[in-house]
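What follows is one structure encoded as structure tokens, with my remarks underneath.
The values are calculated or read from the model by the stated rules, or taken from the named source; none is laboratory data. Please read these numbers as outputs of a predicted model, since none were measured by experiment. Every residue, glycine as well, gets a Cβ built from its backbone with ideal geometry; the counts of neighbours run over all protein chains shown.
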Ligand code: BTN
């Protein structure tokens, strides 16, 4: 495993992206930092962590074919991999929240930010950024956040977790190349947070509506059954699911 360990940098995603533009890196190169000063989250949000307490890392997948595979598949395979590693611990109610948050006991314990670098018409390099709240116990102004330590009341070994997650992603990636996507879509949809349960969603204009999550479709959209029984698909820019 080619792991580059750093102390504090703005963002492991940005660092790895820049590094891969300037030098030839091995497939599955990992950059891990003890702290990020400008950690990036979904929807342009910040991803802030307490230094050295949590895992913030990025992993490079090179030459991914968006002709052979659905471009969304790595957004499915990655949370599935993190979920599978965490399944070996005793978390209650471990779920994947659309698009790719990791939840346990209804609290967010991990987030994923995937960035694509377009290389040719059919090939992309992919930066998979993962933030996992490991031994952090205070989350200011984040009422829906929690950590592995808060939930299981013990300290975790960050290095071990990092290795487990990277290995799981590598193994799953080989499985994807050999056997295709279906397994990952099914696994993801089976473990989707609030599936088949009435839920409240918020639109961009802050208006709210009720619906029942059916699944995530192959274009990465959330398929929701509305109150009039019709089905509508939403993308990340259109709605957020409230906790
Ligand atoms: C989210 O908003 O849920 C996604 C959070 C992703 C955070 C990780 S931490 C490592 C990597 N580097 C970043 O700047 N962001 C991702």
Looking only at segment 178-218, count how many residues are in a helix (DSSP H, G or I) and touching a residue at least 60 places away in the same chain (Cβ under 8 Å). 4
Return a yes/no flag: does segment 75-93 have any residue that is without any contact (Cβ under 8 Å) to a residue 24 or more places away in the chain, on the phi > 0 side of the Ramachandran plot and more than 15 Å from the ligand (Cβ to nearest atom). yes
Failed item in (1) under 28 Å from residue 191 (Cβ atoms); (2) more than 11 Å from the ligand (Cβ to nearest atom); (3) buried (at least 18 other Cβ atoms within 10 Å of the Cβ), with residue 29 passing the rest: (1)
Tell me the residue from 154, 175 that is assigned to a loop (DSSP other than H, G, I, E, B) and surrounded by fewer than 17 Cβ atoms within 10 Å (Cβ to Cβ), please. 154
Failed criterion for residue 45 (all others in (1) modelled with pLDDT under 95; (2) more than 9 Å from the ligand (Cβ to nearest atom); (3) more than 14 Å from residue 127 (Cα to Cα); (4) out of contact with any helix residue (DSSP H, G or I) (no Cβ under 7 Å at 6 or more places or on another chain) hold): (2)
Of all residues in segment 115-140, count the ones that are buried (at least 18 other Cβ atoms within 10 Å of the Cβ), under 20 Å from residue 49 (Cα atoms) and more than 9 Å from the ligand (Cβ to nearest atom). 5
Residues in segment 59-67: is at least one within 13 Å of the ligand (Cβ to nearest atom) and either buried (at least 20 other Cβ atoms within 10 Å of the Cβ) or free of Cβ contacts under 8 Å to residues at least 60 places away in the same chain (or both)? yes
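Taking residue 13, is it touching a residue at least 40 places away in the same chain (Cβ under 8 Å), buried (at least 17 other Cβ atoms within 10 Å of the Cβ) and near the ligand (Cβ under 8 Å from one of its atoms)? Before the answer, list the steps.
Details: touching a residue at least 40 places away in the same chain (Cβ under 8 Å): yes; buried (at least 17 other Cβ atoms within 10 Å of the Cβ): yes; near the ligand (Cβ under 8 Å from one of its atoms): yes.
Criteria met by residue 13.
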